1. When you go through SER151, SER77 one by one, which is the residue that is modelled with pLDDT of 80 or more, part of a helix (DSSP H, G or I) and among the small types (Gly, Ala, Ser)?
2. Give me the pairs: first residue in the stretch 120-144 and outside any helix (DSSP H, G or I), second residue among the charged types (D, E, K, R), beta-carbon distance under 9 Å, and six or more apart or on different chains, which are they?
3. Could you list, in sequence order, the residues of the stretch 46-58 that are under 11 Å from the mean Cα position of the chain (by Cα), surrounded by fewer than 19 Cβ atoms within 10 Å (Cβ to Cβ) and either at pLDDT 90 or above or of a type outside the set (S, T, N, Q) (or both)?
4. Out of contact with any Ser or Thr (no Cβ under 8 Å at 6 or more places or on another chain) and on the phi > 0 side of the Ramachandran plot: is that true of GLY57 in this structure?
5. Kindly establish whether GLY32 is surrounded by fewer than 15 Cβ atoms within 10 Å (Cβ to Cβ), closer than 15 Å to TRP128 by Cβ and at pLDDT 85 or above.
6. Looking only at residues that are touching a residue at least 12 places away in the same chain (Cβ under 8 Å) and part of a loop (DSSP other than H, G, I, E, B) in the stretch 38-54, which one is farthest from VAL28 (Cα to Cα)?
7. Do we find a residue being assigned to a loop (DSSP other than H, G, I, E, B), at negative phi and at pLDDT below 85 anywhere in the stretch 86-105?
8. State yes or no: is LEU43 surrounded by 13 or more Cβ atoms within 10 Å (Cβ to Cβ), at pLDDT 90 or above and over 12 Å from the mean Cα position of the chain (by Cα)?
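The values are calculated or read from the model by the stated rules, or taken from the named source; none is laboratory data. Bear in mind that the values here come from a model prediction, so they are computed numbers and not experimental data. Cβ atoms come from the backbone with ideal geometry, glycine included; neighbour counts cover every protein chain shown.
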Amino acid sequence: MSFFLLTWLIFRGKGRISRPGSLLAVMVPTSGAFFLLLNRTDLALYVSSAVIGVCTGAITSIAVSTTTELFGTKHFSVNHNVVVANIPMGSFIFGYSAALVYRGEGHGSYEQGQCMGMECYRNTFIIWGSLCFFGTLLALVLHVRTRKFYSQKQ
């Protein structure tokens, strides 16, 4: 919800928000969406998948422009490659950690190499939601630290 409000404010021109502030605004629903996955309903699955997808795309776009603003354009190609390289590395680490947790959760419902049901993914969603919440806190720190820079820029 905050992402759509943020988008509406930016397009209407009523408010100015820094890029680290918009990064913070899209991190909040992302972490909430991972915790929403703990709910067993199909609606929670659909809504959280959509929120995670939209917010991940927004974070990718915002991160590149924020990197350019904070570190300049002198070494843009190096900075851009570092930001873009985090996407596959993060996917690999998240996927590998999910596989490890999934394998470890098969104690009760593990049958012929398969674990079925929400109990197999519960800890994975808690870990991912907690990591996203930690990322939200880091985005808040970035927003607070760069507030003076962005107020001078406007």
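1. SER77
2. TYR121/GLU105
3. Hits for the stretch 46-58 are GLY53, VAL54, GLY57.
4. No, not satisfied.
5. no
6. ARG40
7. yes
8. Considered against the rule, which asks whether it is surrounded by 13 or more Cβ atoms within 10 Å (Cβ to Cβ), at pLDDT 90 or above and over 12 Å from the mean Cα position of the chain (by Cα), LEU43 comes out as no.
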